[in-house]
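Engineer: Can you keep this structure in mind? I'll have questions shortly.
The values are calculated or read from the model by the stated rules, or taken from the named source; none is laboratory data. Keep in mind it's a predicted model, so treat the numbers as computed, not measured. For neighbour counting, all protein chains shown are included, and Cβ atoms are generated from backbone atoms with ideal geometry for every residue, glycine included. With ligands, DNA and RNA removed, areas are computed over all heavy atoms of the protein, side chains included. Shrake-Rupley method; radii C 1.70, N 1.55, O 1.52, S 1.80 Å.
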Amino acid sequence: MIRFDQVSKSYGRNRQVIDDLTLAIAEGEICMLVGPSGCGKTTSMKMINRLVEPDSGTVLVDGRPVNSVDPIKLRLNIGYVIQEIGLFPHMSVADNIATVPVELGWPKPRVRARVDDLLALVDLEPGLYRTKRPRELSGGQRQRVGIARALAGDPRIMLMDEPFGALDPLTRAKMQDEFLAIQEKIRKTIVFVTHDTDEALKMGDHIAVMRAGRLLQYGTPTEILRHPADTFVADLIGSRKGLKLLRLLDCGSLMRQGAAAADLPVLPARATAEQALSEMLRCGCRSVAVADASGVTLGRLDLDDLIDRVARDD
């Protein structure tokens, strides 16, 4: 879907921002670009919608170089969410969300229906919020509107630059969960810049770890946790890898198949191992039953198995 082919970018003679970046991002996945400040992650992302042009190499979408597409047309078909959100303060929520559809020439009934659908998608009641101004919203609500606006033209690609960075920790965690739930429905191709490795591990299908303009490692969260490419990647991930892995593994992959006691708490197979551990601690039990989407018990997950997994991966 998106490919960087030997891309480099410098600002001045002695400031190499991107150094020979080659990277392929699959359709429908979230690719997290993570690394310290100044590593080139935001510059790389901005090359996709031509806010930054490379000095050499090629950025391609669906096999077509982006520099062969008119930049305005390109940007109208790529959603963009930034930390500061950038809502127009003098415009209503509905008008903010409608910006791209209006530019694309959609008829008014279609625009209105799209605005209402997106407000519902981001859990904002259309009848309550479409006429409000940004100043009347909380930070989390403004971020939801920003996401809705980025989705308004139904782009296949979304670029997200530290979108939850300015939110308090509780709101940030809630927005991450809500966005992942939205992604389950819409399956956009998303390039997401963050400096927070825990956010990258939680949200990414793949993670690109960058340092000083170079790509150090590209892999799934589990691959990067288990097999960091070097000491820099290992230090960036931090300690307690086993506990972090519990957030990525689901109960279905860890359970023992077969019958489970009727009095055990029940979790869906898609629940994380971390959620299973929390449930065990809450109820004072050493096992949970694991069920499929229809509620049929598939097996059980034991505390001893989780402890062994944490010890093995730490």
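Engineer: Per residue of the stretch 75-81, in order, report the coupling 6.51 cos²θ - 1.76 cosθ + 1.60 (Karplus, θ = phi - 60°) as ³J(HN,Hα) in whole Hz, putting x for Gly and Pro.
Structural biologist: Karplus-based 3J(HN,Hα) across the stretch 75-81 equals 5, 5, 10, 10, x, 9, 10 Hz.
Engineer: How high is the relative contact order of the stretch 138-216? Use alpha-carbon pairs under 8 Å, at least six apart in sequence, and give a whole percent.
Structural biologist: Dividing the mean separation by the residue count of the stretch 138-216 yields 30 percent.
Engineer: Can you run phi through the Karplus equation (6.51, -1.76, 1.60; θ = phi - 60°) for the stretch 278-287 and list ³J(HN,Hα) in whole Hz, with x for Gly and Pro?
Structural biologist: 4, 5, 4, 5, 5, 9, x, 10, 9, 8
Engineer: May I ask you to list the lysines whose Cα is less than 21 Å away from that of Lys185, ignoring any residue fewer than eight positions away on the same chain?
Structural biologist: Lys174, Lys202
Engineer: What is the local net charge at Pro265, summed over the other residues whose Cβ is closer than 11 Å to its Cβ (Lys, Arg +1; Asp, Glu -1)? Before the final figure, lay out the partial values.
Structural biologist: Values: positive: Arg282, Arg300; negative: Asp263, Glu279.
Summing Lys and Arg as +1 and Asp and Glu as -1 gives 0.
Engineer: Another one. Would you work out the charge dipole size for the chain about its Cα centre, treating the Cβ of every Lys and Arg as +1 and the Cβ of every Asp and Glu as -1, and quote it to the nearest 20 debye?
Structural biologist: 840
Engineer: So, one more: If packing is taken as the average number of other Cβ atoms within 10 Å across a peptide's residues, how do 156-164, 87-95 rank, most packed first?
Structural biologist: The peptides rank, most packed first, as 156-164, 87-95.
Engineer: Counting other C-beta atoms within 10 Å, and keeping those with at most 14, which DSSP coil trypsin sites (Lys or Arg not before Pro) do you find in the stretch 1-78?
Structural biologist: Within the stretch 1-78, the qualifying trypsin sites (Lys or Arg not before Pro) (loop, at most 14 other Cβ atoms within 10 Å) are Arg13, Arg15.
Engineer: Let me ask something else. Return one whole number: the accessible area per residue of the chain in Å², for a 1.4 Å probe. Write down the numbers at each step before the final one.
Structural biologist: Values: 15440 Å² over 314 residues.
It amounts to 49 Å² per residue over the chain.
Engineer: Keeping the other protein chains in place, figure out the carbon and sulfur percent of the accessible area of the chain, with a 1.4 Å probe.
Structural biologist: 49
Engineer: Run lengths n ≥ 4 of DSSP H only: what is the helix-derived mean residue ellipticity at 222 nm for the chain, with -39500 (n - 2.57) per run over all residues, to the nearest 500? Please report the intermediate quantities before stating the final value.
Structural biologist: Details: 15 runs with 125 residues, N = 314.
It lands at -11000 deg cm²/dmol.
Engineer: Ok, one more. Would you work out which of Val59, Trp106, Leu180 lies farthest towards the positive end of the dipole of the chain, given +1 charges on the beta-carbon of Lys and Arg and -1 on that of Asp and Glu, about the Cα centre?
Structural biologist: Trp106
Engineer: Right, next: Counting Lys and Arg as +1 and Asp and Glu as -1, what is the net charge of the other residues whose Cβ lies under 13 Å from the Cβ of Arg15?
Structural biologist: 0
Engineer: Return one number: the angle in degrees, 0 to 90 and rounded to the nearest 10, between the long axis of the Cα atoms of helix 169-186 and the longest principal axis of the Cα atoms of the chain.
Structural biologist: That works out to roughly 80 degrees.
Engineer: I've got another one for you. Output wanted: per-residue J couplings in Hz (rounded whole) for the stretch 121-128, from phi through Karplus 6.51 cos²θ - 1.76 cosθ + 1.60, θ = phi - 60°, x for Gly and Pro.
Structural biologist: 4, 8, 6, 10, 4, x, x, 8
Engineer: Now for a separate question. Over the stretch 1-141, how many pairs of lysines fall under 30 Å by alpha carbon, counting only those 8 or more apart in sequence or from different chains?
Structural biologist: Counting lysine pairs in the stretch 1-141 gives 8.
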